[in-house]
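**Q** Dropping a structure here in C-alpha cells format, bear with me for questions.
The values are calculated or read from the model by the stated rules, or taken from the named source; none is laboratory data. A quick note: this is a predicted structure, and the numbers were derived from the prediction, not measured. So basically every Cβ, Gly included, is an ideal-geometry build from the backbone, and we count neighbours across all protein chains shown. Keep in mind that these areas ignore ligands, DNA and RNA; they rest on the heavy atoms of the full protein, side chains included. Shrake-Rupley method; radii C 1.70, N 1.55, O 1.52, S 1.80 Å.
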Amino acid sequence: MQILRWASLLFQLFLTFSGFIESSQGEAAAVLCAEQDRASLLSFKARILRDTTEILSSWTGRDCCVDWEGVTCQPSTGRVSGLILQASAEDTGSFMKGTLSPSLANLRSLEVLVISGMKRIRGTIPDSLSNLTRLTQLVLEYNSLEGTVPSSLARLTSLQTLSLNGNRLVGAFPPSLGNLRSVLQLNLARNSLSGPIPPPIFGVGGLQKLQFLDLSLNLFSGSVPEFSGRFPNLTNVDLSSNQLSGQIPDSVLSLSSLSSLSLSHNRLSGRIPDRIGSLRSLSQLQLSGNRFSGQIPASISRLQSLWNLNLSRNELSGPLPISLGRGLPSLSTIDLSYNNLSLGTTVPEWIRNRQLYDVRLAGCKLRGSLPIFTKPDSLTTIDLSDNYLADGTSSFFANMTSLNEVKLGNNQLKFDVSKIPFPNGLRTLDLRSNQLVGPLSAILNNRTSSSLEVLDVSSNQLSGNIPELGQGSSLKVLNVAGNKIVGQIPGSISNLGELQRLDISRNQIGGTIPPSLGQLTKLRWLDISVNGISGRIPSSFLGLGGLQHANFRANRLCGEIPQGRPFNIFPAVAYAHNLCLCGKPLPPCRRNHQ
C-alpha cells in the first residue's frame with residue numbers, strides 16, 4: 001500500500017528534477033555551486049556522525065552541483081535547488097546517524113528537501129526550515145525525529161507535499177498547518193501524535209487542494225474530522241489505527257472523488273451509513289477493528305469500482321444483503337471475519353463463484369465441508385480459521401495454483417497430511433488446532449521450506465521426527481507444539497537462518513540440544529518445554545542476543561545456565577522442572593553440577 005501511495009510522489013519528483021539534471025549536464029562547467037550553499041551542506045554533513053549509505057562520501061571538492069550525490073542546482077545561478085537523500089526503509093544496515101542541522105535553512109533556493117529512510121537521524125525538526133519559502137516538497141520520513149511538528153511549517157506556503165511519516169513525533173496536530181493552501185499530499189503517519197484532529201484543517205479555507213491524507217498509526221482521539229469545505233480532488237483518506245470514536249460523519253460521504261477510505265482499528269460505533277454507496281469512485285473501503293453494528297448496508301453493492309472490502313472485527317449482524325451478489329463487479333478481496341453475521345452453514349455462493357484473490361471469513365460460524373471455489377486458480381489468500389469446518393480437504397486444494405497463504409486453524413478437520421497435495425509456492429500454512437495425523441515430514445521438507453515462511457501445525461496429532469533440512473530455507477515461524485513428534489532436534493536446524501520463532505513444546509522429543517541452534521541469530525522466540533530433552537543448554541546460545549522469550553521448562557536438562565543476557569535475566573519459571581539446572585536466575589551451581 002505504501003509503495004502505491006508514494007508512486008505519484010516519486011513520479012512528481014522525477015518530473016521536477018529531470019529538467020534540472022538535463023540542464024546541469026549541458027552547462028555543468030558554467031557556474032560553480034554557490035559557496036554559501038556549499039557551506040550549509042557541509043554543516044549538515046558535520047552533524048551526521050555515521051553514514052553507512054556512503055552518500056556523503058561523495059561530498060568533497062568545490063563544486064557541490066556536479067559530483068555531490070543527492071544535490072541538484074539551478075544551472076544559471078549555482079544555487080542548490082534540490083537535496084534528496086534516500087535509503088530503503090527495509091534495509092536495516094543502511095542509515096545515517098546524527099541530527100538535522102539548522103543550516104539547511106540557509107539553502108534559500110531549495111525547492112525539494114527529501115531525507116528519507118535514514119532511521120537514526122534523531123533530534124527535532126529545526127524551526128529554521130520555515131525560512132525555505134520556495135520549498136514545494138518536504139519529505140522527512142522513516143527517520144527517528146523527535147519532538148513536535150513545528151507550527152512554523154505553516155509559513156511554507158508553496159508546499160505541495162509534506163511527509164513526516166515514520167518518526168517519533170509527539171504532541172498535537174498544529175492547527176496552523178491549515179494555512180498550507182497549496183498542499184496536495186499530507187502524511188504524518190506512524191508517529192505518536194495525539195489529541196483531536198483540528199476541524200479548521202478541513203474547513204472552508206483549509207487544505208482545499210488536498211489529494212492524499214494519511215494520519216494513520218498515531219494516537220489521535222476525538223471524532224473523525226468534518227470535511228466542511230470542498231475537497232474536489234481528495235482521493236485517499238487513511239485515519240486507521242488511532243483512537244477515534246463516534247460515527248462516520250456525513251461530510252466524509254460527500255467526498256465525491258474519494259477512491260480509498262480507511263478508518264480501521266479505531267473506536268468508531270453506530271451503523272455504517274447507507275450513504276456509503278454514494279462514494280461512486282471508491283475502490284477500497286476498510287472499516288475493520290471498530291464497533292460498527294447493525295446490518296451491512298445494501299448500498300455498498302452500488303460501488304462499481306470497489307475491489308477491496310474489509311469490514312472484519314466489528315459487531316455487524318444479520319444476513320448479507322442479496323444485492324451484494326448482483327453488484328460489486330470489481331471486487332477482488334473481501335474480509336468479513338469476526339462479526340455476528342448470519343452467513344448460513346457455508347460460504348455464500350456469490351463469493352464461491354467470483355474470481356477473487358483474497359477471501360477471509362474467519363470466525364463466521366461456518367460448518368460442514370470446506371467450500372469449493374469455481375475459480376480456484378485466482379485465489380492467493382484464504383482464511384477460514386476459527387469455524388466448525390470438518391471435511392473436504394482433498395478437493396479443497398485442487399487447482400489452487402496461485403495460493404500463497406492458507407489459514408484453516410481451529411476447525412474440526414480430520415485428515416492425513418501425507419495424502420493432501422499442498423500447492424507449490426505456499427508462504428503461510430496455518431493448520432493449528434485441528435485433528436491432523438501423519439508425519440511432519442509430509443509438510444516440512446526441503447521442497448516446501450524453500451517457499452514456506454510461516455508453518456503452524458500446533459495442537460494436532462502429527463508424528464515422526466523433525467526432518468533434516470537443507471540450506472535455502474525461508475522459514476521465519478515454525479510451530480509444531482502439542483503433537484506426537486519424537487526423535488531429537490536435528491543439527492541441520494542451523495540451516496533455518498531466517499527463523500524468528502521456534503516452538504516444539506509439548507511433544508516427545510529427546511536427545512540433546514544441538515549447539516548449532518545457537519547460530520540462529522534472528523531468533524526472537526524459543527520454546528522447547530515439556531519434552532524429554534537432556535544434557536546442557538549450549539554456551540553457543542549466548543549468540544542469541546535478540547531472544548525475547550525462551551522456555552526450557554519440564555525437560556531433563558542439567559548444568560549451568562549460560563551466564564549472559566538474556567538467559568540470566570529470564571524468569572526462573574522458564575527453567576523449572578528440570579534435573580539439575582543451576583546459575584542465575586536459579587541458585588548458584590555446586591561443583592558436581594559443573
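**Q** Which residues, taken from region 219-266, are within 24 Å of the chain's Cα centre (by Cα), more than 18 Å from Arg190 (Cα to Cα) and outside any loop (DSSP other than H, G, I, E, B)?
**A** Residues satisfying the conditions are Ser245, Ser260.
**Q** Ok, one more. Restricting the search to region 163-180, which residues are part of a loop (DSSP other than H, G, I, E, B) and either of a type in the set (Phe, Trp, Tyr) or open to solvent by 30 Å² or more (accessible area, probe 1.4 Å) (or both)?
**A** Passing the criteria: Arg168, Ala172, Phe173.
**Q** A follow-up question, please. I'm told Val437 meets every condition in (1) at positive phi; (2) touching a strand residue (DSSP E or B) at 6+ places or on another chain (Cβ under 6 Å) except one. Can you identify the failing condition by its number?
**A** Of (1) at positive phi; (2) touching a strand residue (DSSP E or B) at 6+ places or on another chain (Cβ under 6 Å), only one is false for Val437: (1).
**Q** Then there's this: Of all residues in region 181-214, which are assigned to a strand (DSSP E or B), under 15 Å from Leu169 (Cα atoms) and open to solvent by 10 Å² or more (accessible area, probe 1.4 Å)?
**A** Ser192, Ser194, Gly195, listed by residue number.
**Q** In region 479-507, which residue that is part of a strand (DSSP E or B) and farther than 23 Å from Ser539 by Cα is farthest from the chain's Cα centre (by Cα)?
**A** Checked region 479-507; the qualifying residue farthest from the chain's Cα centre (by Cα) is Val486.
**Q** I would also like to ask the following. Across region 508-556, what is the total count of residues that are polar (S, T, N, Q), part of a strand (DSSP E or B) and surrounded by fewer than 19 Cβ atoms within 10 Å (Cβ to Cβ)?
**A** 2
**Q** Among (1) surrounded by fewer than 17 Cβ atoms within 10 Å (Cβ to Cβ); (2) within 24 Å of Ala362 (Cα to Cα), where does Leu413 come up short?
**A** (1)
**Q** Exactly one of these conditions fails for Pro421: (1) more than 22 Å from Leu496 (Cβ to Cβ); (2) at pLDDT below 90; (3) open to solvent by less than 20 Å² (accessible area, probe 1.4 Å). Give me its number.
**A** Every condition holds for Pro421 apart from (3).
**Q** So, one more: Within region 432-449, does at least one residue satisfy the condition of being among the β-branched types (Val, Ile, Thr), touching a residue at least 40 places away in the same chain (Cβ under 8 Å) and in a loop (DSSP other than H, G, I, E, B)? Break it down into steps so the answer makes sense when it comes.
**A** First, the residues of region 432-449 that are among the β-branched types (Val, Ile, Thr): 437, 443, 448.
Next cut, touching a residue at least 40 places away in the same chain (Cβ under 8 Å) only: none.
No, region 432-449 contains no residue that is among the β-branched types (Val, Ile, Thr), touching a residue at least 40 places away in the same chain (Cβ under 8 Å) and in a loop (DSSP other than H, G, I, E, B).
**Q** List pairs: first residue in region 456-483 and open to solvent by 20 Å² or more (accessible area, probe 1.4 Å), second residue β-branched (Val, Ile, Thr) and in a strand (DSSP E or B) anywhere in the structure, Cβ distance under 8 angstrom, at least six positions apart or on different chains.
**A** Asp456/Val477; Gln461/Val437; Ser463/Val437; Ser463/Val486; Gly464/Val486; Asn465/Val486; Lys476/Val454; Val477/Val454
**Q** Another question, if that's okay. Restricting region 88-108 to residues that are part of a loop (DSSP other than H, G, I, E, B) and touching a residue at least 40 places away in the same chain (Cβ under 8 Å), which is surrounded by the fewest Cβ atoms within 10 Å (Cβ to Cβ)?
**A** Here the answer is Gly93.
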